[in-house]
2 protein chains.
Amino acid sequence: MINAAREVFIEQGYDGATVRAIAGRAGVDAAMVNHWFGGKEGLFGEAVLKLPFNPQDIVEILVAVPADRVGDTIVRTFLSRWDASGGGVFTALMRSVTSHDEAAAMLRDFFLKFIFKQVIGTFSPDHHDLRATLIATQIVGLGMVRYVARFEPLASADVDTLAVAIAPTLQRYINGTIT
Amino acid sequence: MINAAREVFIEQGYDGATVRAIAGRAGVDAAMVNHWFGGKEGLFGEAVLKLPFNPQDIVEILVAVPADRVGDTIVRTFLSRWDASGGGVFTALMRSVTSHDEAAAMLRDFFLKFIFKQVIGTFSPDHHDLRATLIATQIVGLGMVRYVARFEPLASADVDTLAVAIAPTLQRYINGTIT
């Protein structure tokens, strides 16, 4: 199932791939795929990105908080999920992105069209696409410095310290002044 | 010369390598190395990181601006240097960092002990090491999103747009409230 999904995503890209095509490749029922993997997004997160969480769960957490808490919630949610996997999963993801153009393209489609589109759509007043990519710079950079380059003291800092330091950045990218 | 430098940096690490050892390996005079490559830092930037600029020049630009302009200057200086190389040099650097632990360790020593130590030492009131690594998260993430993952519209945004959006983040990490 995971292999079939990975093949179809690589052949068709994130937008072009359908649950029907993946289920067909794996010889299973499409309704089963939706039920067990949380649809196309969950399957993509598990098969291609090997994320240590279901992306839909993250979206539901983020859109449920008050508008002035979403920056803080993003930092805490991402760090708690990635820290739990020891950072190896994030490093593997970045290695894939820096080595393969198609991995970078799929990650782009996935983050911008799925995760951040819903968060930005809920909280941001304008410049939705620019704000989404600004958020990505801070999140990707946080992961690179904490898990890949392991610059201290940030690599060992506790989540509270990083949430206080970084949340205002994300909060401004979401609904503050950026132009 | 470049090969000799790369060998010595990999064997000894950034801290352990000396201009004398590199010059000896290459069979040249140490004074020549200092003159032509700007010392150990310049040689490291050229031999190992393949930077499209001399790190000492960047430091001199940054420490010369007024304290409230340094965030803006960092964004403009880094983008103009990396943009000029088409982003390929940054991608190669990140590929190296995600693939080799020793590359990550050398990058860490170089940025924290050379570039940011001088900038932070000039402008920051406290928490020097944490501030340095926070700056690194935003700079590395900006490069990852603009040059490697190429998320639009940020990948094609002009330098002025990104300076306005991102400079306040760096300014706060340098001398604003982070705790």
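Only one residue of A:H128, B:Q56, B:N175 has its Cα farthest out toward the positive end of the dipole of the protein assembly as shown, where Lys and Arg carry +1 and Asp and Glu -1 on Cβ, and that residue is B:Q56.
The rotation axis taking chain A to chain B passes closest to this chain A residue's Cβ, listed with the gap in Å: A:G141, 1. Computed log10 I(q)/I(0) for the protein assembly as shown at 0.08, 0.09, 0.12, 0.13 Å⁻¹: -0.41, -0.52, -0.89, -1.02, from the Debye equation with unit scatterers placed on every C-alpha and solvent omitted. Projecting 7 Å from Cα along the Cα-to-Cβ direction, the label point of A:A105 sits 3.8 nm from its equivalents in the other copies, listed shortest first. A 1.4 Å probe, protein heavy atoms only, puts the accessible area of B:H100 near 90 Å².
When B and A come together, around 3400 square angstrom of accessible surface is lost from both chains combined, probe 1.4 Å. Heavy-atom accessible area with a 1.4 Å probe sorts B:T73, B:T177, largest first, into B:T177, B:T73. What the phi angles of the range A:115-131 give under the Karplus curve with 6.51, -1.76 and 1.60, with θ = phi - 60°, is a coupling list of 5, 6, 4, 6, 5, 4, x, 7, 10, 9, x, 6, 6, 4, 6, 5, 4 Hz, glycine and proline written as x. Within the listed set B:M32, B:M144, B:M106, the Gaussian network model of chain B (springs between alpha-carbon atoms below 10 Å) gives the highest mean-square fluctuation for B:M32.
Ordered by 1.4 Å accessible area with all protein chains kept, B:V148, A:V48 run largest first as A:V48, B:V148. So what's the gap between the Cα centers of the range A:1-57 and the range B:111-154, to the nearest angstrom? After rounding, the separation between the Cα centres reads 36 Å. Using heavy atoms of the protein chains and a probe of 1.4 Å, the accessible area assigned to B:D129 is about 110 Å². Take A:D15, move 7 Å from Cα toward the beta carbon, and the resulting point lies 5.0 nm from the same point in each other copy, nearest first.
Of the listed peptides B:91-97, A:60-66, what is their order by residue-averaged count of other C-beta atoms within 10 Å, with the highest listed first?
Sorting B:91-97, A:60-66 by mean packing, highest first, produces B:91-97, A:60-66.
Just the protein heavy atoms count here, and of the accessible area of the protein assembly as shown at 1.4 Å, carbon and sulfur take up 52 percent. The mean sequence distance of close C-alpha pairs (under 8 Å, at least 6 residues apart), as a share of the length of the range A:3-43, puts its relative contact order at 34 percent. For a straight C-alpha distance cut-off of 16 angstrom, the lysines reachable from A:K50 (same-chain residues fewer than eight places away being disregarded) are A:K40. Taking B:F90, B:F151, B:F123 in turn, the Gaussian network model of chain B (Cα-Cα springs below 10 Å) assigns the largest fluctuation to B:F151.
How would A:K113, A:K40 line up by accessible area, probe 1.4 Å, largest first?
Details: A:K113 105, A:K40 40 Å².
Largest accessible area first, the list is A:K113, A:K40.
Cα gyration tensor of the range A:99-165, axes a ≥ b ≥ c as square roots of the eigenvalues: rounded (a/c below 1.5), prolate (a/b > b/c) or oblate? Judged from the Cα gyration tensor, the range A:99-165 comes out oblate (a/c at least 1.5, b/c at or above a/b). Considering helices alone, the calculated mean residue ellipticity of chain B at 222 nm is -22000 deg cm²/dmol, with DSSP H runs of length four and up weighted by -39500 (n - 2.57) and normalised per residue.
With contacts taken as Cα pairs under 8 Å at a separation of at least 6 residues, the range A:1-85 carries a relative contact order of 23 percent.
Could you tell me the relative contact order of chain B? Use alpha-carbon pairs under 8 Å, at least six residues apart, and round to a whole percent. Relative contact order comes out at 23 percent.
Take the protein assembly as shown with all the other protein chains still there, run a 1.4 Å probe, and you get 41 Å² of accessible area per residue. Among B:P52, B:P168, B:P153, the residue with the largest mean-square fluctuation in a Gaussian network model of chain B, with springs joining Cα atoms closer than 10 Å, is B:P153. Taking a point 7 Å out from Cα toward Cβ as the label site, list the nm distances between A:G88 and the same residue in every other copy, smallest first. From this label point to the equivalent ones elsewhere in the assembly: 3.5 nm.
The values are calculated or read from the model by the stated rules, or taken from the named source; none is laboratory data. Because the structure is a prediction, the values reported are computed rather than measured. Reconstructed Cβ throughout: ideal geometry from the backbone, glycine too, with neighbour counts over all protein chains shown. Side chains are part of the model used for accessible areas, which takes the heavy atoms of the whole protein and leaves out ligands, DNA and RNA. Shrake-Rupley method; radii C 1.70, N 1.55, O 1.52, S 1.80 Å.
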